[in-house]
Amino acid sequence: MSVFKVKDASFDEEVIQANCPVIVDFWAPWCGPCRMIAPVIDQIADDYKNIIKVVKINTDENPTTSTEYSIRSIPTVMIFINGQKVDTVIGAVPKSTLLNALNKHLNKQNKQSII
């Protein structure tokens, strides 16, 4: 599986300093909607494995990062490009919603790299 687990201590290295776009899934084991979108997150990780990095961070075990990004509802999925948060999707949304958000930013990034 190509979904990595990160912690407060590894978030900067794995997400902020990543040299590719990163999807971060903020979740908790007790969260029903988090379990509902987990297979979708796994599918995206597999489908885009050569383009993006997908990571999960347990909000219960990593309160520093969760607080830093003002996580108030889970699941929350954030997209980071070049260390910057560029989008946030909250809730158990369909795969198409996550892909639309992701592709919007991947397309922007590709256009900028061509220019």
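Bear in mind these aren't lab numbers, they're just calculated from the coordinates by the rules spelled out. Because the structure is predicted, anything quoted here is derived from the model rather than measured. Virtual Cβ from ideal backbone geometry, glycine too; neighbours counted across all protein chains shown.
Details
- Cα-projected label distance for Thr64 with Asp8, points at 7 Å along beta-carbon direction, nm: 0.5 nm
- Cα-centre dipole for region 3-110 with unit charges at Cβ (Lys and Arg positive, Asp and Glu negative), debye to 20: 320 debye
- Region 37-115 versus region 10-34: alpha-carbon centroid distance in Å: 7 Å
- For the chain, leaving out every one of the trypsin sites (Lys or Arg not before Pro) that falls in a DSSP loop and has at most 16 other Cβ atoms within 10 Å, the longest unbroken run is 73-115.
- Translational diffusion coefficient of region 1-49 (Stokes-Einstein, Kirkwood radius from Cα pairs, 20 °C, 1.002 mPa s): 180 µm²/s.
- Over 22 Å (Cα to Cα) - which of Lys5/Lys108; Lys7/Lys108; Lys7/Lys95; Lys53/Lys85; Lys5/Lys49 fall in this group: Lys5/Lys108; Lys7/Lys108; Lys7/Lys95
- Cβ-defined net charge surrounding Lys56, 13 Å radius [Lys, Arg +1; Asp, Glu -1]: -1
- Against the set (i) 9.3; (ii) 6.6; (iii) 12.0, the structure's computed mean projected area of the Cα convex hull in nm² falls on (ii).
- Degrees between helix 95-114 axis and first principal axis of the chain (Cα, 0 to 90, nearest 10): 40 degrees
- Each Cα pair under 8 Å and six or more residues apart adds its separation to the average, and for region 3-115 the resulting relative contact order is 33 percent.
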